[in-house]
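See structure below.
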């Protein structure tokens, strides 16, 4: 057994150590070996103590980057406040000449055409930095409708508004027209341009083509030359093309769904409607000219292909 500094002991087998007793050279060699072993153990312990602790690196954070780029499809509901500016021209069906109306007549009127709307839209957005550009088309069902009443007033003997009459029938006021108009459906094809004011909120302006179907129904009532009450009913449907402008806001709920609120002004322009007459019972008729404009407010929801992209930083 060899003891160094009273701290470490090396125990040798008895047979091995017995051979070393009384031999100074062997005892010296044994001490050298023990000292070397002690130095190796001490150096290893010191190196282990000086090593820096090892740490596990945290995973990078996952951040959602919202993006408006992609196709979308959706639906909407709303309400429209339409306005029809309609003028009737009473004319002689024999000569085609417009009648000079007597006092008391009212051949023109503006009337409201209000009603609910519902429909769907499809489109595509492209985003660059905070700017968003896109195209959208929509098709709408409409319950917008309105009506007005017009009169070609009679004189004491009938006059131009009751041609052929020499005696005015009791209660006769002239040739009257009851006029009804309805926007049956409409659609738009528009460009959109906006800015993403927050990652999930888009403000935009929009404008482009508008088109729609307007149905007109007229009932005309008067008297023939014998003083007998007569009448006729006719209708006409006209598909018009015009323009629209507006603005809106859209908000992303999650990766695929967004909601919007939108206002559009639509103008389907001026158009002439088919004639309505009492001929051949009486030589009088009306030509109709209309201009239709509309204020549209609606809310919608879109399903999007694309949405926010998951990015690592």
Response to the item:
Rg (one decimal) and Dmax (whole number) from the Cα set of region 112-185, in Å, equal 25.1, 79
Worksheet entry | Global size of region 237-313 as Cα Rg and Dmax, reported in angstrom | 23.2, 85
Fill in: log10 of Debye I(q)/I(0), alpha-carbon scatterers only, for region 65-312 at 0.10, 0.12, 0.14, 0.18 Å⁻¹
-0.59, -0.72, -0.85, -1.18
Response to the item:
Taking the reciprocal of mean 1/r across every pair of different Cα atoms in region 181-313, the Kirkwood radius in Å is 18.6
Worksheet entry | Euclidean distance between Cα centres, region 63-109 to region 274-290, Å | 21
Item to complete: Stick to Cα atoms and the Kirkwood definition of Rh, then tell me Rg/Rh for region 159-228.
Response: 1.49
Worksheet, complete the sentence: Rg/Rh over Cα atoms for region 57-211, Kirkwood Rh, comes to 1.33
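Laboratory data are not the source of any read-out in this text; all were calculated from the coordinates shown. Treat the numbers as computed from the prediction; the structure is a model and nothing was measured.
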